[in-house]
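Peer 1: My structure is below; once you've seen it, I'll send some questions.
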Amino acid sequence: MSHAGKVGDGLARALVTRITEEGLAPGTRLPGEAQMLAEYQVGRGTLREALRILEVSGLIAIRPGPGGGPVVREASTADFARALTLFLQARGLTLGETLQARLVLEPISAAAAAQRCTSEDAMGLLALAGSAREFHASVAELAGNEVLGLFTVALNEICQAQVGDLLQSAEVTRAQRDLAETIGAGDPARAELRMREHLADLIRLVEQERPGLSDSVIDWMR
């Protein structure tokens, strides 16, 4: 890596720190180029490299034209999922391995969600049964651990992109309703078991309906 690249990495970290410590909301404009060059004492190439890193990572957007420049973006799970699929594909990892990772992580989320779930949360979760993406994202949010939630939602997004059409059946909806009721009842052990059973059924469904797909390498989500 060139010296400019290393300095660019350091500046990118400094800008992320600035965004988080100052609590800059999505849509907030960062200082203009001239101000940042003076403030951080770097060259134009280094600054542009740092901004490119943040733009590719989905943390900022570069608005063109007069009054444009770098603008803070929301760090979304969709951006994280896209970056994760790129690494999964580069390492030759498969849909089956991704589903197995969900089988480990999401029962933990379900147990934690059952410990924190209010009656209002339970009603909202029940209403989402049949919409796999929103249902699993809601369970992850209820779990209350944002790191765990980030990974579980990203893995769910990846699987949705590969086999989302298989999750629209009445059987899947019934399983999600049962899971919602179990979480709402505040029984962590049973919620963990139900989520494990639900995901194991999904793995079997993929193997039955799409033979060989579990062995396919994850395709980068564009």
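The values are calculated or read from the model by the stated rules, or taken from the named source; none is laboratory data. Please read all numbers here as calculations on a predicted model, not as lab measurements. All Cβ positions, even for glycine, are placed from backbone atoms using ideal geometry, and neighbour counts span all protein chains on display.
Peer 1: Hey, any hits in segment 160-174 for a residue that's touching a Phe, Trp or Tyr at 6+ places or on another chain (Cβ under 9 Å), of a type in the set (A, V, I, L, M, F, W, C), on the phi < 0 side of the Ramachandran plot and buried (at least 16 other Cβ atoms within 10 Å of the Cβ)?
Peer 2: No: zero hits.
Peer 1: Could you say which residue among P26, P31 is surrounded by fewer than 16 Cβ atoms within 10 Å (Cβ to Cβ), farther than 20 Å from D219 by Cα and free of Cβ contacts under 8 Å to residues at least 12 places away in the same chain?
Peer 2: Matching residue, one of P26, P31: P31.
Peer 1: All but one of (1) within 20 Å of the chain's Cα centre (by Cα); (2) at positive phi hold for A140; which doesn't?
Peer 2: Status for A140: all satisfied but (2).
Peer 1: So, R102, is that one within 18 Å of R190 (Cα to Cα), in contact (Cβ under 8 Å) with a residue 24 or more places away in the chain and part of a helix (DSSP H, G or I) or not?
Peer 2: Spelling it out, R102 is indeed within 18 Å of R190 (Cα to Cα), in contact (Cβ under 8 Å) with a residue 24 or more places away in the chain and part of a helix (DSSP H, G or I).
Peer 1: While we're here: Evaluate segment 18-33: report whether one residue or more is within 23 Å of the chain's Cα centre (by Cα) and polar (S, T, N, Q).
Peer 2: Yes, because at least one residue in segment 18-33 is within 23 Å of the chain's Cα centre (by Cα) and polar (S, T, N, Q).
Peer 1: Still on this model: Of the residues G58, G96, only one is touching a residue at least 12 places away in the same chain (Cβ under 8 Å), under 28 Å from I218 (Cα atoms) and outside the structural domain of L142 (by TED's automatic domain parsing); which?
Peer 2: G58 is the lone residue from the list that is touching a residue at least 12 places away in the same chain (Cβ under 8 Å), under 28 Å from I218 (Cα atoms) and outside the structural domain of L142 (by TED's automatic domain parsing).
Peer 1: Inspect segment 185-193 for any residue being of a type outside the set (S, T, Y), loosely packed, with under 14 Cβ neighbours inside 10 Å and in the same structural domain as F87 (by TED's automatic domain parsing) and give the result as yes or no.
Peer 2: Within segment 185-193, one or more residues are of a type outside the set (S, T, Y), loosely packed, with under 14 Cβ neighbours inside 10 Å and in the same structural domain as F87 (by TED's automatic domain parsing).
Peer 1: How many residues does segment 34-52 hold that are under 20 Å from G67 (Cβ atoms) and not in a helix (DSSP H, G or I)?
Peer 2: 0
Peer 1: Let me ask something additional. Would you mind listing the helices (runs of 4 or more DSSP H) fully within segment 129-222 where at least 3 residues are of a type in the set (A, V, I, L, M), in contact with a helix residue (DSSP H, G or I) (Cβ under 9 Å, 6 or more places away or on another chain) and under 19 Å from Q115 (Cβ atoms)?
Peer 2: Ranges flagged: 132-143, 170-184, 188-209.
Peer 1: Do you know which of the residues in segment 62-75 that are under 19 Å from the mean Cα position of the chain (by Cα) and surrounded by 15 or more Cβ atoms within 10 Å (Cβ to Cβ) is modelled with the lowest pLDDT?
Peer 2: Start the filter on segment 62-75 by keeping residues that are under 19 Å from the mean Cα position of the chain (by Cα), which leaves 72-75.
Now restrict to residues that are surrounded by 15 or more Cβ atoms within 10 Å (Cβ to Cβ): 72-73, 75.
Numbers: V72: 94, R73: 92, A75: 82.
Top of the filtered list is A75.
Peer 1: Now for a different question. Residues in segment 84-121 that are closer than 30 Å to I62 by Cβ and surrounded by fewer than 16 Cβ atoms within 10 Å (Cβ to Cβ): how many?
Peer 2: The first filter runs over segment 84-121 and keeps only residues closer than 30 Å to I62 by Cβ, leaving 84-91.
Among the residues that remain, those that are also surrounded by fewer than 16 Cβ atoms within 10 Å (Cβ to Cβ) are: 86-87, 89-91.
Qualifying residue count for the region: 5.
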